[in-house]
1. Sort all Cα-Cα distances of the range 5-129 into consecutive 5 angstrom bins from zero, then give the percent of pairs in each bin up to the one containing the longest distance.
2. May I ask you to list the chymotrypsin sites (Phe, Trp or Tyr not before Pro) in the range 40-111 that are in a DSSP loop and have at most 12 other Cβ atoms within 10 Å of their Cβ?
3. Leaving out ligands, DNA and RNA, and with a 1.4 Å probe, what % of the accessible surface on the range 43-107 is carbon or sulfur?
4. Structure shown: which of LYS33/LYS264; LYS130/LYS155; LYS127/LYS189; LYS164/LYS189; LYS155/LYS189 lie over 28 Å apart, alpha-carbon to alpha-carbon?
5. What is the distance, in nm, between label points placed 7 Å from the Cα along the Cα-to-Cβ direction at LYS33 and at PHE16?
6. Describe numerically, in nm with one decimal, the distance between label points set 7 Å from Cα along Cα→Cβ at PHE24 and at SER225.
7. Could you check the simple spin-label distance between MET52 and THR260, using points 7 Å along Cα→Cβ, in nm with one decimal?
Amino acid sequence: MRLFFYLTKEVFTGFFGVLTILLFIFLSGRFVKHLASAASGQFPADIIFSIMLYRLPEFLEILLPLSLFLGLMLAFGRLYVESEMVVLQACGISKRRLLFLSMSVCLPLMIAFAVITLYLTPLGLFKYQKLWEKPENTMSFSTLVSGSFKTFGGKMTLYAGDIKSDKSQISDVFTVMTTKNAESIDILKAESAQLTYGDEGGQYLELHQGFRVSGGDNGLNYRVSQFNTLGRLVEEEQHISKEVTQIDALPTTQLFEQSTTQAKAKLQWRFGLPFMIPIIAIIGLAFSETNHRKGRYIKLIPGIILYFVYFGCITFAYNQMESGNFPSALGLWPIHLVFLGLGLAFFYYNDIKRLIRNDSH
């Protein structure tokens, strides 16, 4: 039991250390990207943390297995380099028992990973989609930046000179609207404007005290007029990432009711990913075997390459299954079985080689 707790401590220390570093690097890059988008007025800055929180379980599907793999290799690599593994083997700890103890350590992580893939990821993506359905998070005043231009619906460009802190009203407004082929143009200049909502839910820009220049029609037939109040329909754009589909945000229980290839592929993905945990644990345990002369990092690069080949094969098979080019009934299980066999072969490589030599003699 003491050995189990000792190995658990070593593996989890390495796992959480690597996961913390990877999360910091990954989330820092995402935060900078979202901050730049918010600064340009694509969405309000106050929803950046909500966006990152809702997408976090999806990103953990990539980072958590990699963190476990690296943490396990570093932890067991240290045991080999400092000859602790030699002492354990001398005390009767066989490879089979070491493998059993490692699987026991990884079992809680496998359960937690299953909760992420089956429940937390679709829930987060569902809330992420709902976030963009709120009018205040789309192309409304909440996304405008003082002293900058903004395009609405690809047809109207608006310049906001000054915006109140509550974003209820803007002043020094200039808008330009063109037709699809730019055959005509409509220019509005107003002292102030505010956003209102129509009876059917549409957004209207209500301009006050200004003048209007309209016309064109491939000629010079322009009309100039003044107005006290004038309304302009604002066409909103959806900012939901194309990476997030309706199937991605669908709860796992509802996926069973779908008969499409996309739903079947998504089910295979969600149920198949947790089985990566014990397989990569076997591979990591095999590649961590070294000695103090070679060092603990000698097999780190080959192990990482094999891990990314494994994850890349699963991703490729999932994409092919989603497009209908790979049988969904077969699923991702052949890939898991292949890399399980590879992991066991690497883990028992020295024993297999010794057995072959004895048979040859």
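The values are calculated or read from the model by the stated rules, or taken from the named source; none is laboratory data. Note that the structure is a prediction, hence the values are computed from the model and not measured. Virtual Cβ from ideal backbone geometry, glycine too; neighbours counted across all protein chains shown. What goes into the accessible areas is simple: the full protein's heavy atoms, side chains included, and nothing from ligands, DNA or RNA. Shrake-Rupley method; radii C 1.70, N 1.55, O 1.52, S 1.80 Å.
1. Percent of pairs per bin, in order: 2, 10, 15, 17, 15, 11, 9, 7, 5, 4, 2, 1, 0, 0.
2. Numbers: sites: PHE49, TYR54, PHE59, PHE69, PHE76, TYR80, PHE100; in loops: none.
Sparse-neighbourhood loop chymotrypsin sites (Phe, Trp or Tyr not before Pro): none present.
3. Working: 1840 of 2680 Å².
Percent of accessible area from carbon and sulfur atoms in the range 43-107: 69.
4. The answer is LYS33/LYS264; LYS127/LYS189.
5. Each label point is offset 7 Å from its Cα along the Cβ direction, giving 2.9 nm.
6. 6.2
7. 3.2
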